[in-house]
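The next block holds one structure in the form of structure tokens; read it before the comments.
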Amino acid sequence: MSALPAVAQPILRLANVTVTYRDRDVLDRVDLAIQPGERVALVGPNGAGKSTLLRVAGGLLRPARGHAELGGMPVGALDRLEVARRLAVVPQQATLPFATRVEEVVGLGRLPYEHPLRGARPADRAAIAAAIERVGVGHLLGRDVRELSLGERQLVLIALAVAQATPLLVLDEPTVHLDLRHQVGAMDLLVDLNERDGTTILAVLHDLGLAAHFFPRLVLLDAGRVVADGPPAQVLAPERIRDVFGVDPGLVRIPA
Amino acid sequence: MATRGESLTPAGLALGRAAGVRGRPFVLAVGGIAALVVALVLGVGFGSVLIDPADTVAILAQRLTGIDLGRAYSAAAETIVMDLRLPRVLTAMLVGLALAVAGVTFQGLLRNPLADPYVLGTSSGAALGAAIAVLIPVRIAILELGLIQVLAFVGALLAIYTVYKLSRTTGLAPLTSLLLTGYAVGSLLAAGLAMAMYLSGAQLRQIFTYLLGSFDAASWTRLAWALPIVAIATVAILLRARTLNGLLLGEETAANLGINVARERRILLGLASLATAAAVAISGLIGFVGLVVPHVVRLVVGPSARLVLPLSAICGAALLAYADLVARLLGEIPVGVVTAVIGAPFFLAILRRARAGSEL
């Protein structure tokens, strides 16, 4: 298995993935390949299967047919730790049962590297500090995450994923709780992580305008199927917006 | 143990300083161990026969470490200390340790600050198992103790498994669901315990002490049964601190952080039940230790299980040693009464705060 050729391997590949839930295909024969260094937005109406696709990619959900690969390895053949070192997930929301400080939450990103006995080591400390710096949550240190605003919590969860230091970063609606200014701030951060650090990014986004403005490649999912995949102007053609979203295409501004 | 903790490595100091918690784990560890030593001397000295603390120290030094402090003490004092009081104090400490560690584990695993072996019905399951073992006529004492341990473990496992499975099938919020299910199953098990008492005849008093919680019957033999079990369970849980930390943000995030949640849950539920059962088998139902101790420790050092587990072990041991001392000073009342008087108001206070929302 280690003798794989050195040609560019997709960092994430879904091959003919079908996920069935109560007799309904949540994902229907989905094929998708993302190359290292890409920045991809996954868009589509509610219930299109976007979150399900992310869960298949992370190995949390085993598809009824087809399979997912991370860096050429079938996800099902990797153990949880190996997956966690390849792919970090920023959840839509998360709950905390106990008071937990910002740096403690960000520090959870180092769990995949921690020694079971010794815990975090200096390298982990450095990664945590760097992630806090990179995402710009330094001013929140020492505060209980449960007392932060929704937007601040989102940034803390992104910092956790950055501390995880994986080549692939997956986000489930990272802007959902943010006001416009913070939405743009989060998008700038993702672009920066992608362009400066080379992190491959796959983000589920609801806002087509944000997706089109900040992502060079869009994947449009509808009723479990990939109906378009390409640059924003091509994917978000007016007739397709009318078909898939059932709204007036004039409501969505696509940058030229 | 605590010196390996979060805030004590050089780079961690910078983060810890920002939060003003630098050195807290260390202070709590030293304070807890000092409290344990004082509890040992006081606990061995106090009782129906008062033994001079200086004599107590001399006897303990001579018998435990072989150091002769050159102080003359009576043979009667030595017998009381070594055969009656010392096993009792050490039993209280071991039980406190086991219940606190089980409490941290249940709380982290079930992501519920109100979970503890007593509230979840695990202790009741263990007590019923132990009571059934008492009713089975085994003539050889040492085997009887073993049977008590085994059936206590079976009872604890069945109880937590039932509560866990049932709590996941209700339509209620997880916190509410778990507490209500624990209450219902615990009540049923308590009825079973009452039935065991009804059927017991000559063993009534022994089963009765399971219900009340007491260290009256503490002995070196009983301690020798529980000690290795608690030690193994505690070490195994300490090695899984990472799992408990990963679960802070939920099961899905834990899985994304590299934790095999389903497997770890089975293992940790089993280990926490094992520690609970070993404790209940030698002391009966003692409530709220597993609730109060981890909560206070978390307030001081934060939620990291790497710190909370060992520090709760120390503080749990100290708390129950002092609770037993109070119980004895009040005329041999059951120690479970003392912990309930401390713990029940505490439980209500946490419940009041939980309403404000523990959601992130």
Between A:VAL184 and B:GLU252, the two model label points (7 Å from Cα along the beta-carbon direction) sit apart by a distance in nm of 3.0
Per residue of B:236-248, other chain Cβ atoms within 10 Å number on average 4
When chain A is treated as a Gaussian network with springs between alpha carbons less than 10 Å apart, the largest mean-square fluctuation among A:ALA223, A:ALA159, A:ALA68 is found at A:ALA223
Here the relative contact order (percent) of chain B, from C-alpha pairs under 8 Å and at least 6 apart, is 28
Output for the range B:106-180: trypsin sites (Lys or Arg not before Pro) sitting in coil per DSSP, at most 16 other Cβ within 10 Å, listed by number, reads B:ARG139, B:ARG168
With R₀ set to 45 angstrom, the calculated FRET efficiency between the beta-carbons of B:ILE136 and A:ALA130, to the nearest 0.05, is 0.15
Protection proxy (average C-beta count within 10 Å per residue), highest first, orders B:284-293, B:127-136 as B:284-293, B:127-136
Under the rule rounded for a/c under 1.5, else prolate if a/b exceeds b/c, else oblate, using alpha carbon gyration tensor axes a ≥ b ≥ c, the range B:87-354 is classed as prolate
Here the residues of the range B:314-353 lying in the modelled label zone of B:LEU172, meaning backbone nitrogen under 20 Å from a point 7 Å along Cα-to-Cβ, are B:344-353
Expected sort for A:108-116, A:233-241, B:91-99 on mean C-beta neighbours within 10 Å, highest first, is B:91-99, A:108-116, A:233-241
Taking a crude spin-label model, label points 7 Å out from Cα along the C-beta direction, the B:ALA202 to A:THR20 distance in nm is 6.4
Here, B:VAL300 and A:VAL191, labelled 7 Å along Cα→Cβ, have an inter-label distance in nm of 5.0
If the chain between B:ILE232 and B:ALA61 were fully extended at 0.36 nm per residue, the gain over the current Cα-Cα distance would be 58.8 nm
FRET efficiency (B:ALA34, B:TRP220; Cβ distance; R0 35 Å; to 0.05) is 0.85
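Taken together, the values in this text are just the output of simple stated rules run on the coordinates, not laboratory data. The shown structure was predicted, so the numbers you read here are calculated from the model rather than taken from an experiment. Because the Cβ atoms are built from the backbone with ideal geometry, glycine has one as well, and the counts that use them run over all protein chains shown.
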